Amino acid sequence: MTLGIMGRLTPDQARQEARQLLAQVDRGLDPSRERNSRKQAPMVSDLFERYFTEHAEPKKKPSSVRQDKRWVGRLILPALGKLKVPEVSRSDIASFHHAMRHTPYQANRCLEILKKAFNLAEGWGLRPDGSNPGRHVQKFKETKRERLLTPDEISRLGQALDRIEEEGSEMPSTITLVRLLILTGCRLGEIQNLKWEFVEIENGCLRLPDSKTGAKVVPLGGAAINLLAGLPREPFVNYVCPGLKPDRPLVGIHRAWYRIRATAGLQDLRLHDLRHGWASLAASSGLSLPIIGAILGHTQPGTTQRYAHFLQEPLKQAADLVAGKLAKAMSRPAEQKVVQLKKS
């Protein structure tokens, strides 16, 4: 084995290193093989090629894979791609994460991907077990953005949709999609990819074979049923909200949505806020969190828990009703009982 370059390594330093290597040989180790193995170790860029081909693409949804590729290609590989997989340290991951502190959401998603990739690296024998460099790197606190619709804003949005429909300035599919998002609380992709074969008007539900959380049944209210029942059904059109081609779903909705919300004077409203609006109204109407979570398809109770504070209003109303009745009963003068005396 070459120990170093003459002139940079003194004879005493070379003897000391030689003794350490010989000690490893005495313990049955092969330092030459280990050195060559480190030289031939894959880089982080190689690890992510395998991450996508053997993990993400076979096991994750296509939309999740596309998002992972954006995070990896735009943020992770430029910073860490040329490092050897066995040599990546916790300090490397922590420094990368800290450098993104001004965008905590992106930083945390990248950290999650890195932790998963290095877990896989351990399973593939590219790193020792328990050596994941992402362990103990703490996520940044994220501020959840909750933009909830008021009754007045819902009215303005409904009027804007009616006006746009009369003018014919947007595709009918676009207007139908927004109305269904408002009335069902579904995710955008669930309505965009909704086919007529998934709609069961007679049973009052949507039977979705796939969603973010897997297959699910979405119960429909009367207004949503009436909307779907009144839509035209054309031959060879599979989608409830078809795109420009009848055999394809509606895409590119966001530009149309920007125009719709501008017409309603709600420039800060996102499409996903319509789902939050459905959930918050359900909670303030007295529906329990488990029921709301079941309708929306939440798999984690904590996802629905964010709407818990809306439950206080119906509880306050109920407490006020009971307390009022009790107070009225306490203030009422006691009825005097008349006792008939017997004549002697």
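The values are calculated or read from the model by the stated rules, or taken from the named source; none is laboratory data. Please read these numbers as outputs of a predicted model, since none were measured by experiment. Heads up, the Cβs are rebuilt from the backbone with ideal geometry, glycines too, and the neighbour counts pull from every protein chain shown.
Within segment 120-137, is there a residue that is assigned by TED's automatic domain parsing to the domain that holds Leu250, outside any helix (DSSP H, G or I) and aliphatic (A, V, I, L, M)? No: zero hits. Helices (runs of 4 or more DSSP H) fully within segment 1-109 that include at least 1 residues being touching a residue at least 60 places away in the same chain (Cβ under 8 Å): 44-51, 62-71. Return the residues of segment 207-258 that are of a type in the set (Val, Ile, Thr) and surrounded by 12 or more Cβ atoms within 10 Å (Cβ to Cβ); say none if nothing qualifies. Hits for segment 207-258 are Thr213, Val217, Val218, Ile225, Val237, Val240, Ile253.
What about Gly185, is it of a type in the set (Gly, Ala, Ser) and surrounded by fewer than 18 Cβ atoms within 10 Å (Cβ to Cβ)?
Values: of a type in the set (Gly, Ala, Ser): yes; surrounded by fewer than 18 Cβ atoms within 10 Å (Cβ to Cβ): no.
Judged against the criteria, Gly185 is not a match.
Applying the set (1) farther than 10 Å from Val44 by Cα; (2) buried (at least 18 other Cβ atoms within 10 Å of the Cβ); (3) touching a Gly at 6+ places or on another chain (Cβ under 7 Å) to Phe118 leaves exactly one unmet item: (1).
Can you name every residue in segment 164-193 that is within 21 Å of Leu296 (Cα to Cα) and hydrophobic (A, V, I, L, M, F, W, C)? Talk me through it step by step, then tell me what you get.
Quick first cut of segment 164-193, residues within 21 Å of Leu296 (Cα to Cα) only: 176-193.
Leu177, Val178, Leu180, Leu181, Ile182, Leu183, Cys186, Leu188, Ile191, listed by residue number.
Going by the structure shown, is Arg255 free of Cβ contacts under 8 Å to residues at least 12 places away in the same chain, among the basic types (Lys, Arg) and more than 21 Å from Ala279 (Cα to Cα)? The answer is yes for Arg255. With respect to Glu200, determine if the residue is of a type in the set (Asp, Glu), farther than 21 Å from Gln267 by Cβ and surrounded by fewer than 18 Cβ atoms within 10 Å (Cβ to Cβ). So Glu200 fits the description; yes. The residues of segment 139-161 that are part of a helix (DSSP H, G or I) and either in contact with a strand residue (DSSP E or B) (Cβ under 8 Å, 6 or more places away or on another chain) or surrounded by fewer than 12 Cβ atoms within 10 Å (Cβ to Cβ) (or both), listed by number, are Pro151, Asp152. All of Gln67, Gln16, Gln106, Gln40 fail the test of being in the same structural domain as Glu122 (by TED's automatic domain parsing), over 27 Å from Glu142 (Cα atoms) and of a type outside the set (Ser, Thr, Tyr), apart from Gln40.
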